[in-house]
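Student: I have a structure here, written as structure tokens, and I will follow up with some questions on it.
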Amino acid sequence: MTSRLDHNHWMARALALARRGEGLTRPNPPVGAVIVRGHCLVGQGWHHHAGALHAEALAIRKAGARARNATLYVTLEPCCTQGRTPPCTRAIIQSGIQRVVLAARDPNPRHNGRGIAILRKAGLEVIEGVAAPEARLLIAPFTRWIRTLRPYLTLKLAMSLDGKIADERGQSRWITGPAARRQVHIWRRSADAILVGARTVLADDPSLLPKPSGRRRPWRVIVDARGTLASSAKIFTDGFQTQTIIATTRRCPARQQAAWRSTGVKVWVLPRSPRGVSLTALMKKLGRLGCLHVLCEGGGELSASLIRAGLVNEFRFFIAPRIIGGRKAPGAVGGVGWPLSAAPKLVFTECRRMGQDLLIRARPM
């Protein structure tokens, strides 16, 4: 009989495989699968991109005849409907697999539990919930998207110990150390879109792309309500304009919009809010584009607006061991602020050293 320890070992392998697909599968979730016969690995796979074979089908193909009487470990409940590819439940049953161990149920309300029921009806043993917290965290962006058609939004802020994101002269490179900056590129590779405000582009002229790319092509989304960005910025000239979106309003002159479009970027003219672009409208449109996960990298005004609109699902703070000070140095969160009694409250979920800096992860209370 397979022990719980064995289940955790093989599911950890399946989760590691699934993470290889993060940032590549939109609008599908990342999924990993492992097939074990006895104590031997006989097949494995992960979902590479939408329209490609699912993780279970790839693992079954690699296992071949060795899948008979084996155990399948999969990070998400197998699909049971015909989409771009046939249902995985059918392939599993036909392969002769005897047992299916899964981490999380499909959060799609139309599918939740149906795949499990089909497998059990066919006589397979199904074990649920192995490494469930890790699996649910992996598919959190897909869960939000499939239920609300809006992306999961992570707000990343790198700041000094006193909460500054630049000095009084606007210099921000580099507040954090190399380890933190490498981690940001890992996060970019797992995201479907990188979001910043126009002031960040004006101050830093960033590329906003992961390095190395790992074949990822996240959208670059810049919020510019009035049309302040010049067409000479890197985002308009670096060869990746077709994966760039400028979110603006009718306040932006038509001539400026035309100049942007002439470079190859997409220009979305969205409804206005009291503070600029309606970020709720922007999230809805990114959701319709199929974006599961949006990583916002600031700046302070955009961060404040996202928090005030209740759009942030997760916070990731890098705290550098330095003090900048200065009345005019910009803070991590701008805007008009909140009275203490109404200040947004967070719950810390992780706190650890990363190189010279401190990484704090949190979620809204």
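The values are calculated or read from the model by the stated rules, or taken from the named source; none is laboratory data. Just so it is clear, the structure is predicted and the values come from calculations on it, not from any experiment. Cβ: placed from backbone, ideal geometry, glycine included. Neighbour counts: every protein chain shown. For accessibility, only protein heavy atoms count, side chains too; no ligands or nucleic acids. Shrake-Rupley method; radii C 1.70, N 1.55, O 1.52, S 1.80 Å.
Student: For the range 149-191, which positions are among the small types (Gly, Ala, Ser) and either assigned to a loop (DSSP other than H, G, I, E, B) or surrounded by fewer than 16 Cβ atoms within 10 Å (Cβ to Cβ) (or both)?
Tutor: 163, 166, 170, 172, 177, 179, 191
Residues are listed down the side, and each one gets a yes or a no for (1) open to solvent by 40 Å² or more (accessible area, probe 1.4 Å); (2) touching a helix residue (DSSP H, G or I) at 6+ places or on another chain (Cβ under 7 Å):
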residue	(1), (2)
213	yes, no
226	yes, no
240	yes, no
288	yes, no
293	no, yes
311	no, yes
319	no, no
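Student: Out of all the residues in the range 203-235, which are within 24 Å of the chain's Cα centre (by Cα) and closer than 22 Å to residue 285 by Cα?
Tutor: Passing the criteria: 208, 209, 216, 217, 218, 219, 220, 221, 222, 223, 224, 235.
Student: For a quick check of your reading: which helices (runs of 4 or more DSSP H) sit entirely within the range 50-148 and have at least 3 residues that are open to solvent by 60 Å² or more (accessible area, probe 1.4 Å) and farther than 24 Å from residue 20 by Cβ?
Tutor: 88-95, 114-121
Student: For residue 270, all conditions in the list (1) within 26 Å of the chain's Cα centre (by Cα); (2) open to solvent by less than 10 Å² (accessible area, probe 1.4 Å) hold save one; what is the number of the exception?
Tutor: Single failed check for residue 270: (2).
Student: Let me ask something else about it. Got a number for residues in the range 22-49 being in a loop (DSSP other than H, G, I, E, B), open to solvent by less than 40 Å² (accessible area, probe 1.4 Å) and over 19 Å from residue 83 (Cα atoms)?
Tutor: 1
Student: Show the residue pairs that are 6+ apart or on different chains and have beta-carbon atoms under 6 Å apart, the first residue being within the range 217-232 and without any contact (Cβ under 8 Å) to a residue 60 or more places away in the chain, the second being in a loop (DSSP other than H, G, I, E, B) and among the β-branched types (Val, Ile, Thr).
Tutor: Partner pairs satisfying both residue conditions: 225/249; 231/263.
Student: Which is out of contact with any Ser or Thr (no Cβ under 9 Å at 6 or more places or on another chain) and under 19 Å from residue 144 (Cβ atoms), of 291, 296?
Tutor: On inspection, the qualifying residue turns out to be 291.
Student: Still on this structure, please answer the following. So, restricting to helices (runs of 4 or more DSSP H) that lie completely within the range 220-336, which ones have at least 1 residues that are within 29 Å of residue 21 (Cβ to Cβ), at pLDDT 95 or above and of a type in the set (D, E, K, R)? Give the derivation first.
Tutor: On the way: elements: 234-237, 254-262, 279-288, 300-308.
Result: 279-288.
Student: Quick one: is residue 75 under 23 Å from residue 292 (Cβ atoms), modelled with pLDDT of 95 or more and hydroxyl-bearing (Ser, Thr, Tyr)? Lay out the reasoning, then the answer.
Tutor: Details: under 23 Å from residue 292 (Cβ atoms): yes; modelled with pLDDT of 95 or more: yes; hydroxyl-bearing (Ser, Thr, Tyr): yes.
Spelling it out, residue 75 is indeed under 23 Å from residue 292 (Cβ atoms), modelled with pLDDT of 95 or more and hydroxyl-bearing (Ser, Thr, Tyr).
Student: Still on this structure, please answer the following. Does the range 192-199 contain at least one residue that is over 18 Å from residue 279 (Cα atoms), open to solvent by 20 Å² or more (accessible area, probe 1.4 Å) and not acidic (Asp, Glu)?
Tutor: No: the range 192-199 contains no residue that is over 18 Å from residue 279 (Cα atoms), open to solvent by 20 Å² or more (accessible area, probe 1.4 Å) and not acidic (Asp, Glu).
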